[in-house]
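These notes concern the structure reproduced below.
The values are calculated or read from the model by the stated rules, or taken from the named source; none is laboratory data. Keep in mind the model is a prediction, meaning the values are calculated, not measured. Positions of Cβ are generated from backbone atoms using ideal geometry, with glycine treated the same way; all protein chains shown enter the neighbour counts.
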2 protein chains.
Amino acid sequence: MSNTTKVLPLLEPEVPETVVPCCPPLTERPFTAEEAETAARMFKALGDPVRLRLFSAVASHEGGEACVCDISDVGVSQPTVSHHLKKLKDAGLLTSERRGTWVYYRVEPSVLAAMGKLLTVAPSAA
Amino acid sequence: MSNTTKVLPLLEPEVPETVVPCCPPLTERPFTAEEAETAARMFKALGDPVRLRLFSAVASHEGGEACVCDISDVGVSQPTVSHHLKKLKDAGLLTSERRGTWVYYRVEPSVLAAMGKLLTVAPSAA
């Protein structure tokens, strides 16, 4: 047996460029054009029924992450699933990490929380 | 002066057909196709920067409602503003009521709260 041990590099999850939180609650003050661009990108990503099903399949999966093999049960082809998962990643809603054969997708709780915060009702507007 | 008093009929806000809350938190379990259709419609309505600015302008306006005259400052034409407000109404995010010359738009806090709930992190997924 060799004395040299090989340390496998830890795979860092890819961090999307679109960083949330971006914006105050929608009820706090009118959004600026820039805030609206960022937040609209996230809402648009969830504005498709197939993407929303994939997103909730990942979000509700054990441990908050899922392999493509776990979540392809939405009645569309595998390339379509991959296409939609890429859109969710581009919007900053999912991160992915390859482990062996499979790519695992994960919902960042902070992203969900930030989007939820957008939709809170500010005290002044209640 | 006449003794007969004219009672103006109260205008009921139009209630959209798309009723929320529709769905459990996205992290609770995979959405069904039907749930995804309903929720995606709401997210899609917010997935456009101009609509999002109009929506936040209404949501953050004094008293939670605004006249078109209050919120047209988003750099698009009046017909475009009307078009986007109609889309927000169709998605069940705004209600409207005509009072005199103007149509007033209002965000239903229950709709905002329901959308916010979709994005809460379920304890099992945290």
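In the stretch A:88-113, which residues are modelled with pLDDT of 85 or more, crowded, with 17+ Cβ neighbours inside 10 Å and more than 8 Å from chain B (Cβ to nearest Cβ)?
Across the stretch A:88-113, the qualifying residues are A:LEU88, A:LYS89, A:ALA91, A:GLY92, A:LEU93, A:LEU94, A:THR95, A:SER96, A:TYR104, A:TYR105, A:ARG106.
Looking at (1) assigned to a strand (DSSP E or B); (2) among the aliphatic types (A, V, I, L, M); (3) modelled with pLDDT under 90, can you tell me which one A:MET1 breaks?
The failed condition is (1).
Scanning the stretch B:59-73 for residues that are facing chain A (nearest Cβ under 9 Å) and surrounded by 20 or more Cβ atoms within 10 Å (Cβ to Cβ), which turns out nearest to B:MET115 (Cα to Cα)?
B:ALA59
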